[in-house]
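The values are calculated or read from the model by the stated rules, or taken from the named source; none is laboratory data. Remember, predicted model here, so these are calculated numbers, not experimental data. Cβ coordinates were reconstructed from backbone atoms using ideal geometry, including for glycine residues, and neighbour counts include every protein chain displayed. Note: accessible area is taken over every heavy atom of the protein model, side chains too, but ligands, DNA and RNA are not part of it. Shrake-Rupley method; radii C 1.70, N 1.55, O 1.52, S 1.80 Å.
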Amino acid sequence: MKIERAEVTRIRLRLRTPLLTARGPIHSREGALLALASESGLTGHGESLPLPGFSEESPAQAAETLAGLARVLIGREVEELETLLDRI
């Protein structure tokens, strides 16, 4: 079963209450969602929401990385995913 579609969506989620950290409160989370769909209609979802001040990657870089990953995965067998992700 092959991956037929991959979609990356940038998101920004405002937190109901701020996340208090030693580096100050975090009021929202930003990043990207990844949706993969197979030829048979099965869909899988993942996300990357780097924490500012704790992650070396910015939300924009996370989205870019997922977009690059999505391009590589289209047309590949679902069973290959674990091996492909290990290589990355």
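One table, with the values for the structure above:
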| quantity | calculated |
| --- | --- |
| Candidate set from segment 45-56 (those that are farther than 26 Å from Gly75 by Cβ and touching a Gly at 6+ places or on another chain (Cβ under 9 Å)); member that is surrounded by the most Cβ atoms within 10 Å (Cβ to Cβ) | Pro50 |
| Residues being touching a strand residue (DSSP E or B) at 6+ places or on another chain (Cβ under 6 Å) and open to solvent by 30 Å² or more (accessible area, probe 1.4 Å) - total across segment 18-34 | 7 |
| Test: residue in segment 72-80 that is touching a residue at least 40 places away in the same chain (Cβ under 8 Å), of a type in the set (Asp, Glu) and open to solvent by less than 80 Å² (accessible area, probe 1.4 Å) | yes |
| Hey, Glu4 surrounded by 14 or more Cβ atoms within 10 Å (Cβ to Cβ), acidic (Asp, Glu) and in contact (Cβ under 8 Å) with a residue 60 or more places away in the chain or not | yes |
| The listed residue being among the hydrophobic types (A, V, I, L, M, F, W, C), open to solvent by 30 Å² or more (accessible area, probe 1.4 Å) and touching a residue at least 40 places away in the same chain (Cβ under 8 Å), out of Leu66, Leu42 | Leu42 |
| Matching option when the condition is of a type outside the set (Phe, Trp, Tyr), under 21 Å from Met1 (Cα atoms), touching a residue at least 24 places away in the same chain (Cβ under 8 Å) and out of contact with any Lys or Arg (no Cβ under 7 Å at 6 or more places or on another chain), among Leu34, Leu85, Leu51 | Leu34 |
| In segment 10-63, the residues that are aliphatic (A, V, I, L, M) and in contact with a helix residue (DSSP H, G or I) (Cβ under 6 Å, 6 or more places away or on another chain) | Ala32, Leu34 |
